[in-house]
Amino acid sequence: MLIENQVIESAHGVAIEPLLKAARAAGEEILEIYARDFEIEYKGDHSPLTEADKAANDVIMVFLRSAHAEIPIISEENKEVPYEERKNWTRFWLVDPLDGTKEFIKKNGEFTVNIALVENGRPVIGVVYRPVTDTMYLGAEGAGAWRISGGGDAEEISGGPHYSGKDAVQVVASRSHLTPEVEAFVAELRAQGKQVDFLSAGSSLKLCLVAEGAADVYPRFGPTMEWDTGAAHAVATAAGKEVLNAETREPLDYNKENLLNPFFIVE
């Protein structure tokens, strides 16, 4: 990856290798806990938290602060940074050390480590690592997107043509648990004469399916936070796709006062 790494460093002034090492090291911590019994806590919003979330976060914080101490960090597992303190940040790390804690608890393997670099409200570098399959997704604005499987060579990925020109459309959604909004989205596709098939995945892997061309579109009409999407957003856009506010059709904004995302569509 030397050529790609040089391009990324030149474009955004950060070294990519520490990000890949941080994601892998966090993944190793997660898998060690995944293989045994673990305690489950619940946050104020009733979302689950495990020792794997905490251990992975600790590893990532050490890597980021040693490699780029000057860049501030927003992480799901860190103390919340007040908006008055972060509103003028032009550059920061956005981290979800274990995206898909529910998937982790179910032990279905569909959870990831997410690290993104956000500049001026948009994710410009993203690393999404799936520990169970040792699969790394990497995307950088202006430099492309890659998938690295099993520690092998980086394979460049592309999302392919827009689904509007296709007769058959692969939609990222659960066939058995469609929300009314997704049902309406699918109904509109069928009204256009398209055959609709469904693909399902956990956590930020949904965006990565579109980024690598395995799926055509991911309509998300449910709550997510900025750290849930930042890294995979960078991968998707680097692969030629868009992550758009479902209402305004503008790219998702980051570092908002409220870190909750609006409904969005990846296409």
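Add +1 for every Lys or Arg and -1 for every Asp or Glu among the other residues with Cβ under 11 Å from the Cβ of residue 113, and state the total. Walk me through the numbers before you get to the answer.
Values: positive: 24, 130; negative: 28, 29, 53, 96, 99.
Spelling it out: positives minus negatives among the neighbours equals -3.
Residues 101, 179, 133, arranged from fewest to most other Cβ atoms within 10 angstrom of their Cβ, appear as 133, 179, 101. Within the shell of other residues whose beta carbon sits under 11 angstrom from the beta carbon of residue 263, the net charge comes to -1, with Lys and Arg scored +1 and Asp and Glu -1. This ranking places 74, 148, 30, 40 by how few other beta-carbon atoms lie within 10 Å of each, fewest first, which gives 40, 148, 74, 30. Short-range pairs are left out: with C-alpha atoms under 8 Å and at least six residues apart, the relative contact order of the chain is 17 percent. Our summary gives the range 2-157 a relative contact order of 18 percent, counting only alpha carbon pairs under 8 angstrom and 6 or more residues apart. By other beta-carbon atoms within 10 Å, ranking 241, 79, 166 with the fewest at the front produces 79, 166, 241.
What is the range 170-251's relative contact order, in percent, from Cα pairs under 8 angstrom and six or more apart in sequence? Provide the component values of the computation, followed by the final result.
Values: 85 pairs, mean separation 26.5, N = 82.
Computed over the range 170-251, the figure is 32 percent.
For the chain, the ratio of Cα radius of gyration to the globular rule of thumb 2.2 N^0.38 Å stands at 0.97.
Over the C-alpha atoms of the range 123-202, the Rg to Rh ratio, Rh being the Kirkwood estimate, stands at 1.06.
Any read-out appearing in this document is the output of simple, stated calculations on the displayed coordinates, not a laboratory observation. No experiment lies behind these values; they were computed from the predicted model shown. So basically every Cβ, Gly included, is an ideal-geometry build from the backbone, and we count neighbours across all protein chains shown.
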